[in-house]
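All remarks here apply to the structure that follows.
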Amino acid sequence: MTATTTSPPLLETENLVRVYGHGPNQVTALKGLTFQIQKGESVAIIGKSGSGKSTLMHLLALLDQPTSGVVAMRGDVVSDLQPKEIARVRNTTFGFVFQQFFLNPHDTVLENVTLPLKIARTPKAERNRLGREMLEMLQMGDKLKAKATNLSGGQQQRVSIGRALINSPEILFADEPTGNLDSETSAVVEDILFGLNAKGQTLIVVTHDEDLAAKCARRIRIQDGQIIEDSAGN
């Protein structure tokens, strides 16, 4: 990728294509997408079911590899790295918040939040300190020892956000982050996400929720594997 005279984009794609299957069953999910995301942006990737938006997130987050084209970070191609190196980039650079919370139900809130630090072999005392700080920030400090299975949906989503942020990722991916929450709890989770963005966190939200998308500074609308809109939010 060609660097500009200023700092290259935090994340960019060039002619990104993803094809599934072969022969008559072949489906082209993405048809040559090229765009850039700058550090600190909030971007909504929106589209109907089957539009290609989730496929795009999986490629941006290095959870899948493109059929052709590239994903780059700061001008360096990362989509063709070896699996071990891709895992390292993903674990140290990205945080993930999903519609499903993917918590370990019988572990405590603190254990769930600090799991990435445990995987990274951070000493227990240090990871517990960081975990407590994170949960205090998310107003969950009184739930440190609670089992995840005993939390409300909104509380579980806050824990999943804490787990996504515990490694201080540069980019936070949120895939339908309020899809399983009622409107009041959704508003709380959105406030957390956009509050983090206001402090400089790069936020990429994949959603079909137009109201949530409108809160992002930028919208990339996908239809039939192509970008049909790339515009500033409201």
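Read the figures in this text as sums done on the coordinates, not as results from a lab. Here the structure is a predicted model, which is why all the values come from computation and not from measurement. When we count neighbours, we look across all protein chains shown, and the Cβ atoms used for this are built from the backbone with ideal geometry, even at glycine.
Among the conditions (1) out of contact with any Gly (no Cβ under 9 Å at 6 or more places or on another chain); (2) without any contact (Cβ under 8 Å) to a residue 40 or more places away in the chain; (3) under 27 Å from residue 55 (Cα atoms); (4) of a type outside the set (S, T, N, Q), the only one that residue 182 does not satisfy is (1).
Among residues of the stretch 109-129 being among the β-branched types (Val, Ile, Thr) and crowded, with 17+ Cβ neighbours inside 10 Å, the one that is nearest to the chain's Cα centre (by Cα) is 113.
Of all strands (runs of 3 or more DSSP E) completely enclosed by the stretch 172-234, which ones contain at least 2 residues that are surrounded by 16 or more Cβ atoms within 10 Å (Cβ to Cβ)?
Hits in the stretch 172-234: 202-207, 218-223.
Within the stretch 139-176, the residues that satisfy the criterion of being over 15 Å from residue 110 (Cβ atoms) and either charged (D, E, K, R) or touching a Cys at 6+ places or on another chain (Cβ under 6 Å) (or both) are 170, 175, 176. Go through the stretch 76-112 and count every residue that is closer than 29 Å to residue 20 by Cβ and in a loop (DSSP other than H, G, I, E, B). Selection size over the stretch 76-112: 9. Among the conditions (1) surrounded by 16 or more Cβ atoms within 10 Å (Cβ to Cβ); (2) touching an Asp or Glu at 6+ places or on another chain (Cβ under 7 Å); (3) closer than 30 Å to residue 17 by Cβ; (4) not charged (D, E, K, R), residue 148 misses just one, which is (3).
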